[in-house]
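Below is one structure, written out as structure tokens; the observations come after it.
The values are calculated or read from the model by the stated rules, or taken from the named source; none is laboratory data. Here the structure is a predicted model, which is why all the values come from computation and not from measurement. When we count neighbours, we look across all protein chains shown, and the Cβ atoms used for this are built from the backbone with ideal geometry, even at glycine. What goes into the accessible areas is simple: the full protein's heavy atoms, side chains included, and nothing from ligands, DNA or RNA. Shrake-Rupley method; radii C 1.70, N 1.55, O 1.52, S 1.80 Å.
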Amino acid sequence: MKDRIKETEVRAFSDIKAVVGQREALEALRIKYLGRKGEIAELFKGISSVATEDKAEVGRLLNELKVSVTSAIEGSLLSSSNKTLSSKNRIDVTLPGIPARLGKLHPITQTIDRISDIFIGLGFRVVEGPEIETEHYNFEALNIPLEHPSRDAFDTFYLESLGGKNLLRSHTSPVQARFMEKNKPPFSIIVPGKVYRPDATDASHSFMFHQVEGLCVGKEIHFSDLKGCLETFAKEMFGSSTKMRLRPSFFPFTEPSAEVDISCIICGGAAGEKRCSVCGGKGWLEILGAGMVNPKVFEKVGYDPRKLTGFAFGMGVERIAMLKYGINDIRMFYENDERFLRQF
Amino acid sequence: MRISYNWLKEYVDIKESPEDLSDTLMSAGLPTESIEAIGSDKILEVEVTANRPDWLSYIGVAREVAAITGRKLKIPKIEKIKTPDTKEQIKIRVEDRALCPIYTARIIKNVKVGESPSWLKVRLEAMGLRPVNNIVDITNFCLFETGEPMHAFDLDKLSGGEVLVRKAKKGEKIIAIDGVERTLEDSMLVIADSSKPVAIAGVMGGLKTEVNYSTKNILLEAAYFEPISIRRTSRKLSLSSDSSYRFERRIDISNIIHSSDRATGLICQIAGGQAGKLIDIGAKPDKKKPITLNMVKLESVLGHSIPLVKAKKILSDLGLKPKGSSREKLSFEAPYFRYDLKDEVDLIEEVARVYGYNKIRNTIPPVVEQPERLSSDIAILRRVRTALTGLGMDEIITYSLLSKKTIANAALAVEDAVCVANPLSIEQEAMRPSLVPGMLGAVLWNINRKAKDLKLFEIGHIYGKDGSNFTERQYLGLCVTGEISNWAGGSRNYSFFDLKGVVETLFDSLGVKDILFASARDCRFSDASCASIELAEENIGIIGEVDPSVLNDFDIKSPVYTCEIYLDKLYPYISTKRKFEALPKYPSVSRDISIVADKDTSSRKIMSVIRGSAGAVLKDVRLVDRYSGKQIPDGKISLTYRVEYQNPIKTLEEKEVMEAHGKILHALGSELGAKLR
């Protein structure tokens, strides 16, 4: 008997589930199970043939079955009327969502973070240094004599004196000497930060801009390592098909020195693309300066240049961001126009 | 420097087109900025770096082309100068041998000053110079050909029959050939006759003794002047010339006599005249020390091995004299025109440069053990930025340099600002003492472009003075202004509490606890809403509504709320460590308390009374409604707090909740006079 009750319960529930919300089918099921001649009524009739000691329990089970099937059918009917109700109040799903605004990081920050992350992946460490500097760190420690034409490339803002002679760093390179004075090799660092030069402002010049400096020093650090790191950087930053080339150049603090170009990110350096507005048909874009640390720079911080070698590089963040995003006017970075900022 | 393609071909065979030549030069380190066509010629504007003054002459550039292409350098032959047996008619005295170690001069008599032949004019015009007369043109031509600046004086206008190389007397004046009178300082070197300066040495000749069509006899000067002295003079006088440009970069000390002979030869050939004997005063150049290149060091620097024979050939081709070699060492003597070659690493660069940087392989340096890759400060800044953008704030970057007027407009003390000694414009004359003026500038820019809803932040340094030192501190600036609106919720203006909420959420995300906002007064902010932000009894920031008079000076019409947080002071309190706390096992119970209190009872006071009175089962309390108006008497305010109770070790009983709730009500009544609503 108990087995029949169980079997009826399972079957009734699966029948009800199959026709949820269908008023007529549910009515049919109600008659089938709960009607006067329904299955449950038939089961009640069989109670007389159950052994006396089991009668009470079977009766209880049958009552429970009746209650649960009744409430299942009612529940199912209710959900049918809810459905009708909710379809009447259907929302316009094409209305705009209620704005949940995500702020944007300045494109310069995004570019610095990207550059930093690439070099972190190559084992570099990010450090910073002061913007107000001395002539010593900005020039002399970097083998730039005070009265020499090599200084002409570094026009500099000086500060009204408080006794000493201070300036706004014209590049992030002063951090090289500051870091080396306090740390022992081997190390590899990159240094992002603001720099200042008294340049008249136009679409490609700003008196304040950002640089990222890199410095890697150790017992066996080679020019080939510089090339490998920079090529990895170029490919990560501008895409894996980017090509890189180095041209000999001159910086007082590196020797050998190089200017580093990448293949034009617009025309890819395709021959004959004379009209490319980004590279001017040259096929190459200058992105950074680099070289092996000049032994004189090591001597000035008390390193032994016979035992150590190292490479250094420096890049303009605005230049990289302008290339990457196709921005054609450096002033836009500092206007902070929302319509500009929200694009990145 | 301009390089005429046609002219350059006089000194070396050039088979490639001007464009290909420009590529060749670029790969040697001499990049072309532009190529310009002049008639049948092409002019390459090349950018000469400070280390290669030898490239400031045609022979210098031709020598490089010859070295890297393996072609032959063709230096013009100089006819032996016939020197008639004339007596010297001029006395030359060099008073300052330190600034002028070599001075040569030669008298050329009976020249016919006139127009230059057309070939010579073409050369000068290619350099962008206006031909003057044959004598001046020849000295200019030789300057570009040899890199040695020379000057011709009208001999008959030099009074007293002598030439002196001396320091100027303070206040002495000279009218140079550009017609401008200049007052000289006693640090400046001049060429003088017995009475007056006739040239600013190495910079520019004087008008009085210049060679013109009436000149008969000339004195041709070729000398070596110390670079620093020329640079100082040129800078002080703001007078730069083709001549000073070369002297301050150091001319080839071994080439002076050759250059003088070359100019003399051309003068005699073109203008006639009889050349006298060269008067040569000065020391012979110091002997050069050989430089040794160790091939092991070369490979260690480059990470690439280059055969010794290859290195030897490269250096020889560049004009270095071999001074012996062993199995892995090469010794060379650098020529005088390569002052930049002094040490082993200079030779390594030369070998690598000509071998080709791009032929050197690419490797990755070993990763070495270092402290954390992202120092904690920088990691914190990233967290701050992530939190703030998540809260809908846009990051801005404004200039660190401002006008003093902008600083004053923001009600900041101009006299405390760090000032720039050499600003380009008044917009850059001072360094910002606060991030607020820059943020207000950005607000104005956007309001003028119809922005309605601005939430901005900036992280950057501010600058100040501390005694004789400058200070630089990391600040965070925040600002909200305008209205927030959407179709479902309508619109409302931002308030102080919108910004305060951002700040509180930020502190929470940084693990900074127990922040206090204390009512404060600051002339930059309105008296009605301004608070200092305190942490462990230290002031770590300020927040408030920008004072209307400040907004007026910035031409902003709507209220702006700003906050500055002194990140440098906050760093020690920031904790990025998190430890898991087991979730409560037993359910909590929430009860609201609605009270009417005096309007000027501070929220913090009420909170502390609730927290102080409820006992151990209090879990949390927060304000859910604040109301004044109908039904609430004047001077009173209705407040509803939602109090959450929980017992960590068992299910709360109704009795416990009632008891705690009762205690709170009692305390609010007895301590603050608040009544249950």
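Could you grab me the full set of residues in the stretch B:141-165 that are small (Gly, Ala, Ser) and closer than 17 Å to B:Tyr213 by Cα?
B:Ala152
Could you figure out which of (1) within 22 Å of A:Ile189 (Cα to Cα); (2) open to solvent by less than 50 Å² (accessible area, probe 1.4 Å) isn't true of A:Ala72?
Exception for A:Ala72: condition (1).
A quick yes/no check of all residues on (1) open to solvent by less than 30 Å² (accessible area, probe 1.4 Å); (2) charged (D, E, K, R); (3) within 37 Å of the chain's Cα centre (by Cα); (4) modelled with pLDDT of 95 or more:
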residue	(1), (2), (3), (4)
B:Phe153	yes, no, no, yes
B:Gly160	no, no, no, no
B:Gly171	no, no, yes, no
B:Ile175	no, no, yes, yes
B:Asp186	no, yes, yes, no
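Which members of the stretch A:152-177 meet the condition of being surrounded by fewer than 19 Cβ atoms within 10 Å (Cβ to Cβ) and part of a helix (DSSP H, G or I)?
Hits for the stretch A:152-177 are A:Asp152, A:Ala153.
So which of B:Glu653, B:Glu671 ends up being among the acidic types (Asp, Glu), without any contact (Cβ under 8 Å) to a residue 40 or more places away in the chain and open to solvent by 80 Å² or more (accessible area, probe 1.4 Å)?
Checking each option against the conditions leaves just B:Glu653.
Whether any residue in the stretch B:373-394 is closer than 30 Å to A:Ser150 by Cα, open to solvent by 10 Å² or more (accessible area, probe 1.4 Å) and either out of contact with any Gly (no Cβ under 6 Å at 6 or more places or on another chain) or not assigned by TED's automatic domain parsing to the domain that holds B:Val418 (or both) is what I want to check. Steps first, please.
At the first step, the residues of the stretch B:373-394 found to be closer than 30 Å to A:Ser150 by Cα are none.
Checking the stretch B:373-394: not a single residue is closer than 30 Å to A:Ser150 by Cα, open to solvent by 10 Å² or more (accessible area, probe 1.4 Å) and either out of contact with any Gly (no Cβ under 6 Å at 6 or more places or on another chain) or not assigned by TED's automatic domain parsing to the domain that holds B:Val418 (or both).
From the list A:Glu299, A:Glu318, which residue is of a type in the set (D, E, K, R), outside any strand (DSSP E or B) and open to solvent by less than 30 Å² (accessible area, probe 1.4 Å)?
Residue meeting the stated conditions: A:Glu318.
In the stretch B:108-140, what residues are more than 39 Å from the chain's Cα centre (by Cα), over 13 Å from B:Tyr213 (Cβ atoms), of a type in the set (A, V, I, L, M, F, W, C) and open to solvent by 20 Å² or more (accessible area, probe 1.4 Å)?
Residues satisfying the conditions are B:Trp119, B:Val122.
Please verify whether the stretch B:425-437 includes one or more residues that are within 10 Å of chain A (Cβ to nearest Cβ), in a loop (DSSP other than H, G, I, E, B) and crowded, with 16+ Cβ neighbours inside 10 Å.
Step one: filter the stretch B:425-437 for residues within 10 Å of chain A (Cβ to nearest Cβ), giving B:425, B:427-431.
Then keep just the ones that are in a loop (DSSP other than H, G, I, E, B); that gives B:425, B:429.
Still in the running and crowded, with 16+ Cβ neighbours inside 10 Å: B:429.
Yes, there is a match, as at least one residue in the stretch B:425-437 is within 10 Å of chain A (Cβ to nearest Cβ), in a loop (DSSP other than H, G, I, E, B) and crowded, with 16+ Cβ neighbours inside 10 Å.
Quickly run through the stretch A:294-344 and pick out the residues that are within 13 Å of chain B (Cβ to nearest Cβ), touching a residue at least 40 places away in the same chain (Cβ under 8 Å) and acidic (Asp, Glu).
A:Glu318
Please specify each residue of the stretch B:336-362 satisfying the condition of being more than 8 Å from chain A (Cβ to nearest Cβ) and of a type in the set (Val, Ile, Thr).
B:Val351, B:Val354, listed by residue number.
Output the residues belonging to the stretch B:283-335 that are more than 14 Å from chain A (Cβ to nearest Cβ), in contact (Cβ under 8 Å) with a residue 40 or more places away in the chain and in contact with a Lys or Arg (Cβ under 7 Å, 6 or more places away or on another chain).
Scanning the stretch B:283-335 gives B:Pro290, B:Gly319, B:Ser331, B:Phe332, B:Glu333, B:Ala334.
Working only within the stretch A:133-143, note down all residues that are crowded, with 20+ Cβ neighbours inside 10 Å, within 12 Å of chain B (Cβ to nearest Cβ) and either farther than 13 Å from A:Val301 by Cα or basic (Lys, Arg) (or both).
Correct list: A:Glu133 only.
Quick check on my filter: what residues within the stretch B:563-581 are within 26 Å of A:Pro130 (Cα to Cα) and either in contact with a Pro (Cβ under 8 Å, 6 or more places away or on another chain) or not aromatic (Phe, Trp, Tyr) (or both)? Give the derivation first.
Taking the stretch B:563-581 and keeping what is within 26 Å of A:Pro130 (Cα to Cα), we get B:563-576.
Listed by number, the residues that qualify are B:Cys563, B:Glu564, B:Ile565, B:Leu567, B:Asp568, B:Lys569, B:Leu570, B:Pro572, B:Ile574, B:Ser575, B:Thr576.
Of the conditions (1) under 31 Å from the mean Cα position of the chain (by Cα); (2) more than 11 Å from chain B (Cβ to nearest Cβ), A:Val217 clears all except one; give me its number.
(2)
Quick one: is B:Asn448 open to solvent by 30 Å² or more (accessible area, probe 1.4 Å), facing chain A (nearest Cβ under 8 Å) and among the polar types (S, T, N, Q)?
no
Would you tally the residues in the stretch A:263-289 being modelled with pLDDT of 85 or more and either within 13 Å of chain B (Cβ to nearest Cβ) or closer than 18 Å to B:Glu19 by Cα (or both)?
The total comes to 6.
Just the residues that are of a type outside the set (Gly, Ala, Ser) and more than 14 Å from chain A (Cβ to nearest Cβ), please, taken from the stretch B:49-76.
Of all residues in the stretch B:49-76, those of a type outside the set (Gly, Ala, Ser) come to B:49, B:51-56, B:58-59, B:61, B:63-65, B:68-69, B:71-76.
The answer is B:Tyr58, B:Ile59, B:Val61, B:Arg63, B:Val65, B:Thr69, B:Arg71, B:Lys72, B:Leu73, B:Lys74, B:Ile75, B:Pro76.
Would you check which residues across the stretch B:346-366 are of a type in the set (Val, Ile, Thr) and open to solvent by 20 Å² or more (accessible area, probe 1.4 Å) and list them?
B:Val354, B:Thr363, B:Ile364
Hey, could you check the stretch B:213-226 for residues that are open to solvent by 10 Å² or more (accessible area, probe 1.4 Å) and closer than 25 Å to B:His258 by Cα and say which is farthest from the other protein chains (Cβ to nearest Cβ)?
B:Lys216
I want to confirm something. Restricting to the stretch B:403-419 and keeping residues that are buried (at least 21 other Cβ atoms within 10 Å of the Cβ) and closer than 16 Å to A:Leu159 by Cα, which single residue is farthest from the other protein chains (Cβ to nearest Cβ)?
Within the stretch B:403-419, the match that is farthest from the other protein chains (Cβ to nearest Cβ) is B:Ala417.
Here are some residues: B:Lys455, B:Lys405, B:Lys450. Which one is in a strand (DSSP E or B) and charged (D, E, K, R)?
Values: B:Lys405 fails: in a strand (DSSP E or B); B:Lys450 fails: in a strand (DSSP E or B).
Unique residue meeting the criteria: B:Lys455.
Hey, among the residues in the stretch B:372-402 that are acidic (Asp, Glu) and either part of a helix (DSSP H, G or I) or at the interface with chain A (Cβ under 7 Å from one of its Cβ atoms) (or both), which one's nearest to A:Ile190 (Cα to Cα)?
Just the residues of the stretch B:372-402 that are acidic (Asp, Glu), to begin with: B:372, B:377, B:394-395.
Still in the list and also either part of a helix (DSSP H, G or I) or at the interface with chain A (Cβ under 7 Å from one of its Cβ atoms) (or both): B:377, B:394-395.
Numbers: B:Asp377: 15, B:Asp394: 26, B:Glu395: 23 Å.
Only one residue tops the list, namely B:Asp377.
Each row is one residue, and each column tells you yes or no for (1) open to solvent by 30 Å² or more (accessible area, probe 1.4 Å); (2) among the basic types (Lys, Arg); (3) within 40 Å of the chain's Cα centre (by Cα).
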site: B:Gly39; (1), (2), (3): yes, no, yes
site: B:Ile43; (1), (2), (3): no, no, yes
site: B:Lys80; (1), (2), (3): yes, yes, no
site: B:Arg97; (1), (2), (3): yes, yes, yes
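Go through the stretch A:100-121 and count every residue that is within 7 Å of another protein chain (Cβ to nearest Cβ) and of a type in the set (A, V, I, L, M).
Selection size over the stretch A:100-121: 4.
Looking at (1) out of contact with any His (no Cβ under 6 Å at 6 or more places or on another chain); (2) more than 16 Å from B:Thr562 (Cβ to Cβ), which one does B:Glu472 not meet, given that it meets all the others?
Tallying (1) out of contact with any His (no Cβ under 6 Å at 6 or more places or on another chain); (2) more than 16 Å from B:Thr562 (Cβ to Cβ), B:Glu472 fails exactly one: (1).
With respect to A:Glu220, is the statement that it is modelled with pLDDT under 95 and either among the charged types (D, E, K, R) or part of a helix (DSSP H, G or I) (or both) true?
Working: modelled with pLDDT under 95: yes; either among the charged types (D, E, K, R) or part of a helix (DSSP H, G or I) (or both): yes.
When the stated conditions are applied, A:Glu220 passes them.
Identify all residues within the stretch B:475-491 that are of a type in the set (S, T, N, Q) and at pLDDT 95 or above; write none if there are none.
So the first thing to find is which residues in the stretch B:475-491 are of a type in the set (S, T, N, Q), and the list is B:481, B:485-486, B:491.
Residue satisfying the conditions is B:Thr481 alone.
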